[in-house]
Amino acid sequence: MTRKGPGIERKSEEELALMRQAGRIVGEVLAMMREKAEPGVSTGQLDAVAEEIIRDYGAVPAFKGYPHSGHNDFPASICSSINEEIVHGIPSADRVLNEGDIISIDVGAIHGGFYGDAAVTLPIGEVDEETQRLLRVTNEALAAGIAQAGDGNHLWNVIRAIQSCVERNGFNVLHAYQGHGIGRLMHEKPDIPNFLGERGQRPKNYALQQGVTMALEPMVVVGEWHTRVLDDGWTVVTADGKRSAHFEHTIAVTDGEAEILTRW
Ligand code: MG
């Protein structure tokens, strides 16, 4: 069954131009993270580099100060999540990257009143074959979702494309965390889970329309999808301790192929 809006905001051309700028800043940060992330570098150092780029543009790090009831606000400009950490890891001068690790870096920036949000998982030096496959498949799942985000297509097609790419490669998508609409707020309608659950628990199957902007973000695990949050209140890890990857882009639905606003 298809339900059309209301509830998903469509951005005007002027608003999309502002989102492009925010997205470009995020993309530049991720490109720099790829250059800097290597053995011996701390996640605190990466965070400092990211914040400097964002502020040099006159933009604001979107994650810094993000509130969390019962815990401290998020203290940094990037989320840095290593190996079995999935998302929302807190950068630290004490957390140093080692050969064979993987690091997921999530970046958000606010510029001109609009948000950009994107993430990548990077290998640190040489990683094992399964890990290489995990990164490749997660990136392919994101691309598969983006390929379905055309004008007139439906949200479930996007979700199905992500989920089926992951599952046919023998991995699993997380259940507890999801993508989202984005614009003047980091999290707007619609919610975009990476799987279609039981009937009755699925998101609305919105028809996507030109001007809709979304952050698609497959979070993929080698093992089971169960998660827990560390005592810092933020860092999400796999319950089974196995590795996880996270790729994300902010995109806009156009009359042709979806436009990636955070390309890098
Ligand atoms: Mg996001």
Would you mind telling me the share, in percent, of accessible area of the range 198-264 contributed by carbon and sulfur at probe 1.4 angstrom?
40 percent
FRET efficiency, 1/(1 + (r/R0)^6) with R0 41 Å, evaluated for GLU13 and LEU230 via beta carbons:
0.45
Of all alpha-carbon pairs in the chain, indicate the percentage at a distance above 28 angstrom.
30 percent
Taking amide H positions as placed 1.01 Å from N in the peptide plane, with prolines and chain starts having none, which residues 5 or more places from THR250, or on another chain, fall under 5 Å of its amide H?
ASP117, LEU261, THR262
Per DSSP, loop GluC sites (Glu not before Pro) in the range 62-120 with at most 14 further Cβ within 10 Å
GLU99
A correct Karplus calculation of ³J(HN,Hα) over the range 247-259, with 6.51 cos²θ - 1.76 cosθ + 1.60, θ = phi - 60°, whole Hz and x for Gly and Pro, returns 10, 8, 9, 8, 10, 10, 6, 10, 7, x, 5, 4, 9
Around VAL41 (Cβ within 14 Å, Cβ-to-Cβ, excluding VAL41; K/R +1, D/E -1) the net charge comes to -3
In straight Cα distance, which lysines are under 18 Å from LYS189, not counting same-chain residues fewer than 8 positions off?
LYS4, LYS11, LYS204
Which whole-Hz couplings ³J(HN,Hα) result when phi for each residue of the range 103-110 is put into the Karplus expression 6.51 cos²θ - 1.76 cosθ + 1.60, θ = phi - 60°, listed in order with x for Gly and Pro?
10, 9, 10, 10, 10, x, 9, 10
Which net charge results for the neighbourhood of ALA141, defined as the other residues with beta-carbon distances under 14 angstrom from its beta-carbon, given Lys and Arg at +1 and Asp and Glu at -1?
0
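Considering only protein heavy atoms, what per residue accessible area in square angstrom results for the chain with a 1.4 angstrom probe?
Accessible area per residue: 44 Å².
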Subtract the Cα-Cα distance of ASP255 and TYR57 from 0.36 nm times their separation in residues, and report this length gain in nm to one decimal.
68.3 nm
Cα centroid distance between the range 10-82 and the range 100-121, in Å?
5 Å
Mind jotting down the three principal axis lengths of the range 60-170 based on Cα atoms? Whole angstrom, largest first.
40, 40, 27
Expressed as a rounded percentage, what relative contact order does the chain have, with Cα pairs under 8 Å and six or more residues apart?
24 percent
Which residues' amide hydrogens lie under 5 Å from the amide hydrogen of PHE63, considering only partners 5 or more residues apart or on another chain, with H built in the peptide plane?
GLY108
The answer for trypsin sites (Lys or Arg not before Pro) in the range 1-67 that fall in a DSSP coil and have at most 13 neighbouring Cβ atoms within 10 Å is ARG3, LYS4
Residues whose built amide H sits under 5 Å from the amide H of VAL212, excluding neighbours closer than 5 in sequence, are LYS11, VAL253
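The values are calculated or read from the model by the stated rules, or taken from the named source; none is laboratory data. Quick caveat: nothing in here was measured; it's all calculated off a predicted structure. Note that each Cβ is placed from the backbone with ideal geometry, even for glycine, and that neighbours are counted across all protein chains shown. Ligands, DNA and RNA are stripped out before the accessible areas are found, and what is left, the full protein with its side chains, is counted by its heavy atoms. Shrake-Rupley method; radii C 1.70, N 1.55, O 1.52, S 1.80 Å.
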